[in-house]
Ligand SMILES: Cc1cc2nc3c(=O)[nH]c(=O)nc-3n(C[C@H](O)[C@H](O)[C@H](O)COP(=O)(O)O)c2cc1C
Ligand code: SF4
Ligand code: SF4
Ligand code: FES
């Protein structure tokens, strides 16, 4: 058993006892002590000179930090719809039963706990789980049994079969980005040759738009940051990749990490920033060491650090921060809050990050893929880049394909590709729906499969989930709504309350007690969320229900009651306890179903 | 004025009101419309309501429900009002969310009854079991978990102006809307 104060002291020292490092400190401490005890909370607070409540607010915000002991083996089964389609819930129940556990409760001996978690980004090789933040892929009943035995035998994770932790890239179609050979340092040298203004001009010519979802023109973002007043600037790489069904950044982080880092350095060079931060989602904790090793080797060959590639005044280095299980931290201002060690709640904008971002300094936040594309622009020049794709969507897009198809994985296409082309290439047959860009995106039906993936038609951050003819789209929408209700950060009332009301209404319908009344309420709530939520999460949280009600209405209708309302409560059952205590069983002590 | 040109007078709008598990604050706020109640009486009349002391509801246009549903009697009253009203309105935080009475929802209703009645040494040793008394539900429920609700007027209590505006909108056939000033409590 490690000594709490010793572990805390070491973490504080590594993180220079800076309050902005609070989340990182807690994460590191928990890796050793398995949870954040009140004792830990107090020594961290004392060490940083901040109130204990500030530490608690962070612990309570992030799903992967625990205020209660959750065992030495903390197992989280990925609960995306694609995991469910592969039987994850049965495996989850099986695991609970084998370990004699209730969901999210540590076993009596303090060894293990099992719970569900939002999409872990292993959709093409699920069902997946995380054990102490390490992913186990391709779960089967047998593998689950083996895991239970290993846990019961108290076998350290390091001795578990390496095969469990194998994560494949599954690149099925490569194009300009994934398919090109890359000479390390070539992007940097090309940018240096162009000069700071020259590089910005190429970015403008390229028409590169952000790949994280919103599609904002990258050159405009960079230029605004460069022109914002301030001495220090930051480049942030958004590797939070929380949108269920998206896993392309994971592949880039695994096999194209140096290009990401070079892209960040090129951005730093162009806007005049010397500091880079990469925000890595907690689910990708297993990539931390390989990424740190890459950074080290890049520092060694002067691709990071002072005077990069010998260019005087080109100084840039990168620090990696880890998230801890919060989808909202992908939203750029929430991400910045999280980088500052706080709960990840979206800021009120303006000011935008380009003028007041990390620590109030001008900051560029870009998606992983966007930054890799910057290396392509540096090498090819903007004009060639703009020549691919469509008029308003230059270049290529990496799609994360999962669900009902023969070959799930990563597909890179020039923008403008038709949905039906992707379906054909991945071997999908009898498709009834495709969910594009995750739960916050759009649900397409076969009559729309000739539409194009592009900002001007069907925009996407990359997720492409396929549903075959056996699938029940009501359950898909319910899973997505659970996701939003769980991930709402609680900052604004429409989203905090509205997502839960939507979830409960869907549960009532699933239970066979819903009526048109619930449908009306759902539509009203979806509209309210869209209009009045503070950030994109709430604004899009009603989409899955709205889309599937429009396109898969019978899936709802067959669950609805014939009458126009059914109570949410069984009133007679709700009197049971009072009947017992009062010792009554007369007619007045019961209440019938309807008057 | 010729007789035939006269439009037939619209029948008066019939309004029923009740307080379930509430504090009567919403009703008091309703009465704060003061003399405007005389204008209201020109176009409306009351059915079951604390104002008329009518005990059972008959067919009516609008039912205003204050308070949540805490016991069997509340549920009977509410169902009767729903069966009779064309439009049912939940008024105030208690009706909409359970409100203050729902503070007990974290506790077991059996523990509550024992604490209040049985555990009083020497005073009383049993929980009352008279069939006349309505039994408590395990929890206090918002109105919309027991019957269909058509409209909600938020507030604790909603101001007289808010209730007045809402009622007028309903009676005149407009979509009820409260402006920011009528929803702002600080
Ligand atoms: C709820 C929410 C979650 C988001 N998650 C991500 C994410 O995981 N990765 C990402 O790159 N962008 C995400 N975004 C978009 C970012 O806010 C931001 O637009 C993006 O990182 C900008 O980079 P880009 O211009 O390169 O696309 C999210 C936005 C919202 C509203
Ligand atoms: S919309 Fe939801 S996630 Fe966004 S700020 Fe509001 S509560 Fe938080
Ligand atoms: S909402 Fe407020 S005023 Fe109305 S009954 Fe409840 S506590 Fe009383
Ligand atoms: S106090 Fe603001 S929502 Fe309750």
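The values are calculated or read from the model by the stated rules, or taken from the named source; none is laboratory data. Bear in mind that the values here come from a model prediction, so they are computed numbers and not experimental data. Note: ideal-geometry Cβ built from the backbone for every residue, glycine included; neighbour counts use all protein chains shown.
Name the residue that is surrounded by the fewest Cβ atoms within 10 Å (Cβ to Cβ), counting only residues in the stretch A:578-592 that are within 7 Å of another protein chain (Cβ to nearest Cβ) and assigned to a helix (DSSP H, G or I). Step through it out loud before you land on a result.
Of all residues in the stretch A:578-592, those within 7 Å of another protein chain (Cβ to nearest Cβ) come to A:578-584, A:586, A:588-589, A:591.
Next, from what is left, pick out any that are assigned to a helix (DSSP H, G or I): A:578-582, A:588-589.
On the way: A:578: 23, A:579: 17, A:580: 14, A:581: 22, A:582: 22, A:588: 16, A:589: 20.
Filtering the stretch A:578-592 for residues that are within 7 Å of another protein chain (Cβ to nearest Cβ) and assigned to a helix (DSSP H, G or I), the one surrounded by the fewest Cβ atoms within 10 Å (Cβ to Cβ) comes out as A:580.
Among the listed residues B:90, B:83, B:95, B:160, which satisfies the condition of being more than 16 Å from ligand 4 (Cβ to nearest atom), within 18 Å of the chain's Cα centre (by Cα) and at the interface with another protein chain (Cβ under 8 Å from one of its Cβ atoms)?
Values: B:90 fails: at the interface with another protein chain (Cβ under 8 Å from one of its Cβ atoms); B:95 fails: at the interface with another protein chain (Cβ under 8 Å from one of its Cβ atoms); B:160 fails: at the interface with another protein chain (Cβ under 8 Å from one of its Cβ atoms).
Residue meeting the stated conditions: B:83.
Which residues, taken from the stretch A:451-479, are buried (at least 16 other Cβ atoms within 10 Å of the Cβ) and either within 16 Å of ligand 3 (Cβ to nearest atom) or over 29 Å from residue A:389 (Cβ atoms) (or both)?
If the condition is that a residue be buried (at least 16 other Cβ atoms within 10 Å of the Cβ) and either within 16 Å of ligand 3 (Cβ to nearest atom) or over 29 Å from residue A:389 (Cβ atoms) (or both), then A:471, A:473, A:474, A:475, A:476, A:477, A:478, A:479 are the ones that fit.
Just checking, which of A:420, A:369, A:412, A:373 is surrounded by 24 or more Cβ atoms within 10 Å (Cβ to Cβ) and either at pLDDT below 95 or out of contact with any helix residue (DSSP H, G or I) (no Cβ under 7 Å at 6 or more places or on another chain) (or both)? Steps first, answer last, please.
On the way: A:420 fails: surrounded by 24 or more Cβ atoms within 10 Å (Cβ to Cβ); A:369 fails: either at pLDDT below 95 or out of contact with any helix residue (DSSP H, G or I) (no Cβ under 7 Å at 6 or more places or on another chain) (or both); A:412 fails: surrounded by 24 or more Cβ atoms within 10 Å (Cβ to Cβ).
Of the residues listed, the single one that is surrounded by 24 or more Cβ atoms within 10 Å (Cβ to Cβ) and either at pLDDT below 95 or out of contact with any helix residue (DSSP H, G or I) (no Cβ under 7 Å at 6 or more places or on another chain) (or both) is A:373.
Consider residue B:143 carefully, then state whether it is within 14 Å of chain A (Cβ to nearest Cβ), closer than 22 Å to residue A:525 by Cα, out of contact with any strand residue (DSSP E or B) (no Cβ under 6 Å at 6 or more places or on another chain) and touching a residue at least 24 places away in the same chain (Cβ under 8 Å).
Numbers: within 14 Å of chain A (Cβ to nearest Cβ): yes; closer than 22 Å to residue A:525 by Cα: yes; out of contact with any strand residue (DSSP E or B) (no Cβ under 6 Å at 6 or more places or on another chain): no; touching a residue at least 24 places away in the same chain (Cβ under 8 Å): yes.
No.
Sort out which residues of the stretch B:57-80 are over 16 Å from residue B:134 (Cβ atoms) and either within 14 Å of chain A (Cβ to nearest Cβ) or crowded, with 18+ Cβ neighbours inside 10 Å (or both), and write them in order of number. Before you say what the answer is, go through the steps one by one.
Taking the stretch B:57-80 as the starting set, the residues that turn out to be over 16 Å from residue B:134 (Cβ atoms) are B:57-66.
Correct list: B:57, B:60, B:61, B:62, B:63, B:64, B:65, B:66.
Considering only the stretch A:289-314, state which residues are surrounded by 14 or more Cβ atoms within 10 Å (Cβ to Cβ) and under 27 Å from the mean Cα position of the chain (by Cα).
A:291, A:294, A:295
So which of A:139, A:150, A:130 ends up being part of a loop (DSSP other than H, G, I, E, B) and either in the same structural domain as residue A:92 (by TED's automatic domain parsing) or surrounded by fewer than 21 Cβ atoms within 10 Å (Cβ to Cβ) (or both)? Spell out how you get there, then give the answer.
Working: A:150 fails: part of a loop (DSSP other than H, G, I, E, B); A:130 fails: part of a loop (DSSP other than H, G, I, E, B).
When all the criteria are applied, what remains is A:139.
Would you mind finding the one in A:512, A:538, A:563 that is on the phi > 0 side of the Ramachandran plot and either out of contact with any helix residue (DSSP H, G or I) (no Cβ under 6 Å at 6 or more places or on another chain) or part of a helix (DSSP H, G or I) (or both)?
Values: A:538 fails: on the phi > 0 side of the Ramachandran plot; A:563 fails: on the phi > 0 side of the Ramachandran plot.
One residue alone meets the criteria, A:512.
If I filter the stretch A:543-561 for residues that are more than 21 Å from the chain's Cα centre (by Cα) and closer than 11 Å to residue A:495 by Cα, do I get at least one hit?
The first filter runs over the stretch A:543-561 and keeps only residues more than 21 Å from the chain's Cα centre (by Cα), leaving A:546-561.
Restricting the remaining residues to those that are closer than 11 Å to residue A:495 by Cα gives none.
Checked against the condition, which is being more than 21 Å from the chain's Cα centre (by Cα) and closer than 11 Å to residue A:495 by Cα, the stretch A:543-561 yields no hits at all.
List the number of the failed condition for residue A:82; all other conditions in (1) part of a loop (DSSP other than H, G, I, E, B); (2) surrounded by 22 or more Cβ atoms within 10 Å (Cβ to Cβ) hold.
With (1) part of a loop (DSSP other than H, G, I, E, B); (2) surrounded by 22 or more Cβ atoms within 10 Å (Cβ to Cβ) applied to residue A:82, the lone miss is (1).
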